[in-house]
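Below is one structure, written out as C-alpha cells; the observations come after it.
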Amino acid sequence: MRPAAAAATATAAALRLRAAAASLSPPATALLTHRRAALLLPPLRRLCSPAPPRASAAPDSQPPPRLPSFVMDAQFESFRAQLDEFSTLRDRIRTVVSEIESASRVATAALLLVHQPVPLEDVLGKAKAQVEVIKGLYAQLAEVLKECPGQYYRYHGDWRSETQAVVSMLAFMHWLETGGLLMHAEAQEKLGLSSGEFCLDVEDYLTGLCFMSNEFPRFVVNRVTAGDYDCPRKVLSFLTDLHASFRMLNLRNDFLRKKFDGMKYDLRRVEEVYYDVKIRGLAPAESKQEAAQS
C-alpha cells in the first residue's frame, strides 16, 4: 500500500476510535488513545524515513579505448587486395571456360549429324577434333588453378555446367563407338584430368550421363526411320542397365536427382519405340546368347 493511502486509512481508524471513546470509561479511553498512536506512528515513520543512498559508480571505470583509424584502414586495405586478386583470377578462369564452351558447342553440332544419313566415321571425326581442343583448354585451366592451391571448389562453379555438357558429349560418342558406358577414369583421361588436384568431379560425371540419356529417344526414332530396327533393342538394354546402376546411389533432392528422374522418361520413350517395332514384326530375331543376357 502506498504511504499516502496508509496514512489516510490510519487517520480514519483513529477518528472511529475517538468517537467510540466518548461513550467509554476513562481506562478504556486511555487504551484506545494508545491504540490510535500505534496506528498513526508507523505510517509517519515510513513517510519520514530517508531514502537509501544510491550506489555510486566505480571511480576507476573508464570507456574502452578507441581503435585507431589506421588499424581499420590497414585491415580493409588487405581485404581490397584479396578481393581484387580473386576477381582477377576468376576473370582468367572464365576466359578459358568460355573457350571450352565454344569448342563444346562445335563438337555437339557435329554430333547432331548422327541423326542424318551421314557415315558415322565422318561424324565422329569432326567431334574428336574438337575433343583435342577441349583437352588443351582444360590443361590451361589446370595451370591457372595452380596459382591458388586448395581452392578447387571455390571456383568449381565457374566450369561445372560446361564440364557436364562435355561429359555428355564424350559419353554419347563412346556409346556410338563401343555400345558401352564411358567410365569415370576414361572420361578423366580424355580430358587430361587424371592427375593432381584438378580432377573430374563425380557429380559432374553423373550429371553428364543423365544429359546423355536425353539424346537416345530421338536417336532411336531416327534410326528406325532409316531402317535400323535393331537399334531400339540395343539402346533399351543400355539404358535399362544404366538406370538400374543409378538406383544404387542415395541421391538427395538436388539437381542431380532431378536429372536422374528425367532418365526414366527417356527409358519409357525408348521402350515404346522398341515395343512398336516388336509388335509390327520388324525387329530382327535375337540370338540365344543375346536372349539369355537380356
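Derivation of every value follows stated rules applied to the coordinates shown; laboratory data play no part. What you see is a predicted model; the values in this text were computed from it and never measured. Using ideal geometry, Cβ is built from the backbone for each residue, glycine included, and neighbour counts are taken over all protein chains shown.
Say R0 is 51 Å: what FRET efficiency, to the nearest 0.05, do D84 and T178 get from their beta-carbon distance?
Result of the calculation: an efficiency of 0.60.
Provide the FRET efficiency to the nearest 0.05 for the R105-N253 pair, computing r from the beta carbons and using R0 = 41 Å.
The calculated FRET efficiency here is 0.85.
Along the Cα→Cβ direction, 7 angstrom out, place labels at D241 and K135. What is the inter-label distance in nm?
Here the modelled spin labels are 2.5 nm apart.
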